[in-house]
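Inspection log for the structure reproduced underneath, given as structure tokens.
Only the coordinates and a few stated rules stand behind these numbers; no lab work does. A quick note: this is a predicted structure, and the numbers were derived from the prediction, not measured. Cβ placement follows ideal geometry from the backbone for every residue including glycine, while neighbour counts extend to all protein chains displayed.
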Amino acid sequence: MTDNLAQDAQATTHFGFRTVDEGEKAGMVHGVFTRVASRYDVMNDLMSGGVHRLWKDAMMDWLAPRSGQRLLDVAGGTGDIAFRFLKRAPGASAMVLDLTESMLLQGRQRAEAEQTADRLDWVVGDAMALPFADNSFDVYTISFGIRNVTRVQKALDEAFRVLRPGGRLMVLEFSQLPNPALQWAYDRYSFNVIPVMGQIVANDRDSYQYLVESIRKFPDQETFAAMIRKAGFEQVKYRNLTMGVAALHSGWKL
């Protein structure tokens, strides 16, 4: 037991390209999203040229929300996924969970929040220790958030736990382009343009430098699919979006 505790105390992970103690990462990520919360949606549009909206619509197309379903959107921030889900399934309900309260506050202030107030709840929580009972939700989504989790496998394990039998996991995340030349060009854009954009628009270069680095540290499509299977999910599949700039991963709790 003592040896295990010592190992846990010494465990490290990555924060962008930096190596940090595991216990420090959540606080550092919280700091990033607290700083960028007020400009988060604007920066998403600018960084992707609005394409992130098409990716999220593609997510909904594959997910096919149904009336009566209960959604848990983890790292749901300003509610983009939850609002889309509820729009497509008027009889459904949703819970948005995020580590950063200021992100949730931005979501509550959006026009869609008032329209869906009776079907939408917001809660501060950790993807690695969800404050919900087993078998509580029909759908679990996480969009551009899982790469910020300290232990990705633990978050996937928690997703499996809180889903009901027959429930579905869907992850939208930045990924790796299969073409090395395209990846090189995308890297040049990411590292040279996005942090500068963050400085100009959000007055925060460092946070956007971290976000770019975190994308490069995230596993490729096949590796991440294997992690989803390890958590217990079946029928695991993925679809590349915009040549692999992002990818959608789907799995079922059967």
- [ ] Report the local net charge at residue 60: Lys and Arg +1, Asp and Glu -1, summed over other residues whose C-beta lies under 9 Å from its C-beta.
- [x] +2
- [ ] Per residue, how big is the convex hull around the C-alpha atoms of the chain? Give it to me in cubic angstrom, could you?
- [x] 125
Task: Set 154/237; 56/154; 25/56; 25/237; 154/230; 25/154 screened for pairs whose C-alpha atoms are more than 22 Å apart - done: 56/154; 25/56; 25/237
Task: Local net charge near residue 27, Cβ-Cβ under 12 Å (Lys/Arg +1, Asp/Glu -1) - done: -3
Open item on the list: Under 14 Å between alpha carbons, and skipping anything fewer than 8 positions from residue 253 in its own chain: which aspartates and glutamates qualify?
Closed with: 134, 138, 157, 158, 234
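Provide the packing ranking of 207-215, 70-78, 21-29, 51-59, i.e. peptides ordered by the mean count of other C-beta atoms within 10 Å per residue, highest first.
70-78, 207-215, 51-59, 21-29
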- [ ] Please report the base-10 log of the normalised intensity I(q)/I(0) for segment 22-172, using a Debye sum with one equal scatterer per alpha carbon and no solvent, at each q in 0.11, 0.19, 0.21, 0.22 (1/Å).
- [x] -0.38, -1.23, -1.51, -1.63
Open item on the list: Run the helix sum for the chain: -39,500 (n - 2.57) per DSSP H stretch of 4+ residues, divided by residue count, reported at 222 nm to the nearest 500 deg cm²/dmol.
Closed with: -15000 deg cm²/dmol
- [ ] Compute log10 of I(q)/I(0) for segment 158-254 with the Debye formula, placing one identical point scatterer on every Cα and leaving out solvent, at q = 0.13, 0.18, 0.25 Å⁻¹, to two decimals.
- [x] -0.56, -0.85, -1.18
